[in-house]
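What follows is calculated from the coordinates using simple rules that are stated; it is not laboratory data. Treat the numbers as computed from the prediction; the structure is a model and nothing was measured. Counting neighbours? That spans all protein chains shown, and the Cβs are built from the backbone with ideal geometry, glycine included.
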Amino acid sequence: MKLAIGSDHGGIHLKEVLKKHLEERKIECIDVGTYTEESCDYPDFALKVCREITEGNVDRGILVCGTGIGMSLAANKVKGIRAALCGDVFSATMSREHNNANVICLGERVLGPGLAVCVLDAWLDTEFAGGRHQRRVDKIMAIEE
Ligand code: RB5
């Protein structure tokens, strides 16, 4: 699995924690920025990560901002993206199993680093269940048309 990760200034510290964790898990990850603590606009980085997915360069994406909310709002505007804002392991698991989320959004100012890593691991390690959930995901995607 190959991932893209991005954050704004509000998520840059958690982004570094998650990158280190992915490195330890030997999961390849493209960091699209931001690279400094200077104030920036989260939609720019949401779009960069989403484009990596829609262009087929990576399988899934991770977005981090202060709350994760802005990133999820922006990412869900991109055709082909199903972004899930997750603050707990159950939601992260279900966002994969039932919703086939291809982006996870996390809030650095909401989650401690330990919980964020557990939430991310649950999301990475859960496969989409398909079946009746495929029909529902298809209906979500049809809304884009
Ligand atoms: C930046 O201050 C903050 O608004 C941003 O990181 C995010 O929380 C937006 O949803």
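Quick notes on this one:
- Mean separation of Cα contacts under 8 Å, 6 or more apart, over the residue count of the chain: relative contact order %: 23
- Degrees separating the helix 42-54 axis from the principal Cα axis of the chain, which is the longest one: 50
- For K26, a cut-off of 19 angstrom between C-alpha atoms picks up these lysines, skipping any fewer than 8 places away in its own chain: K2, K15.
- Cα gyration tensor category, rounded, prolate or oblate, for the range 66-124 with a/c compared to 1.5: oblate
- For E37 and M141, the FRET efficiency from 1/(1 + (r/R0)^6), where r spans their Cβ atoms and R0 equals 41 Å, is about 0.65.
- Estimated at 0.36 nm per residue, the fully extended path between I69 and D44 surpasses their Cα-Cα distance by 7.6 nm.
- For the range 32-145: rounded, prolate or oblate by the Cα gyration tensor [a/c cutoff 1.5]: oblate
- With the cut-off at under 18 Å, measuring from each backbone N in the range 110-127 to a point 7 Å along the Cα-to-Cβ line of E97 picks out 118-127.
- Length gained when the stretch A129-M1 is fully extended (0.36 nm per residue, less Cα-Cα span): 44.3 nm
- In plain terms, the chain from E23 to R82 could stretch by 18.8 nm, reckoned as 0.36 nm per residue minus the Cα-Cα distance.
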